[in-house]
1. By the gyration tensor of its Cα atoms, with a ≥ b ≥ c the square roots of the eigenvalues, what is the shape of region 50-205: rounded for a/c under 1.5, prolate for a/b over b/c, or oblate?
2. Express the Stokes-Einstein translational diffusion coefficient of region 274-388 in µm² s⁻¹, to the nearest whole number, given a Kirkwood radius over alpha-carbon pairs, 20 °C and a viscosity of 1.002 mPa s.
3. What residue among 221, 173, 213 shows peak mean-square fluctuation when the chain is described by a Gaussian network model with Cα springs under 10 Å?
4. Suppose the chain between residue 146 and residue 265 were pulled fully straight at 0.36 nm per residue; how much longer would it get relative to their current alpha carbon spacing?
5. Cα axis of helix 304-329 to longest principal axis of the chain: angle in degrees, 0 to 90, nearest 10?
6. Remind me, relative contact order of region 201-387 in percent, using alpha carbon pairs under 8 angstrom and six or more residues apart?
7. Sort 72, 249 so the one with the fewest other Cβ atoms within 10 Å of its own Cβ comes first.
8. Just rank 142, 81, fewest to most, by other beta-carbon atoms within 10 angstrom.
């Protein structure tokens, strides 16, 4: 029988090389890994064509987003606890990146292609290998890895089974496996909080990933501009740019305060809320680009579904911001709730306006106003919490 210590020795892992509590930053390998997954998420977004999608296509795209994002989160959570950044770790992660690349190619034609499930199996399989590698380092790591190896291993069986069924039956197996994996850290939380995530590394890692997704939304906006834009297209694109710029302002105000550091614990809630925010950013980017395309095509009114998706994406971002404040401060101040509630209501009213030449400036003014007020509230409440 091969003991965990023997495995550690064979793989060249020195327990002393595991990161401690000192200040840490995302490694070059982590940033490279993140970029591959951003490409996969962008491929998910590209399932939304230049035509306004129906509800079924939106739900399928949302499910694929959840699968890709969860695959990324699993590695991010591991890295913030362990990540010796030695040769063995780098080689295993690079193999996982090959799986991420397969997922990026496969999401376009899923479920009719096996590239997505095969890629997911590679990504998750390499993560389980990494957990096996650190299992014998100490007692706490053994308990923590038991949670992930058992839960993620069980979820992986659904993905293996999906390889042998017809294409139309695969999504149900994928979602079943996803549910098992999502429930794993929540059910095993009592053991995971004994080995909390790094208080500065995880916020930085997820923050960088979120900013990259925000950049993707700007790319959608730029790519949608016609070669010879009309004055109306210029107005829509310019005011559309102000919306993600306002989101950047609020988000960076929040993360630079470092308020989450004492409350991250196992990091499950923090990562989950960012999944909601990331989906909102990708949807917003597509909506902004589509609005410019509609104007470039000479249409005077935006379709109702497109206006609805604009409102949903912005409202989801605002609600996600409230959830982040709940994680950071242990509660949501009433004034912040009131401001968000009023703004979401105004969003619903503004998106009833069909002409994009009117709608987009109104949305920009509303988002800028919300960003200005929310940023001030975040700073004020943050200072109060620090002083307390």
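1. Because a/c hits 1.5 or more and a/b exceeds b/c, region 50-205 counts as prolate.
2. The Stokes-Einstein estimate is 142 µm²/s.
3. Per the Cα network of the chain with a 10 Å cutoff, 173 tops the list.
4. Values: separation 119, 0.36 × 119 = 42.84 nm, distance 1.81 nm.
Stretched fully, the residue 146-residue 265 segment lengthens by 41.0 nm.
5. Long axis of 304-329 versus the principal axis of the chain: about 50 degrees.
6. Relative contact order, region 201-387: 32 percent.
7. Numbers: 72 25, 249 16.
Ordered from fewest to most neighbouring Cβ atoms within 10 Å, 72, 249 come out as 249, 72.
8. 142, 81
Taken together, the values in this text are just the output of simple stated rules run on the coordinates, not laboratory data. Since we're looking at a predicted model, the values are computed, not measured. No Cβ is skipped: glycine too gets one built from the backbone with ideal geometry, and neighbour counts run over all protein chains shown.
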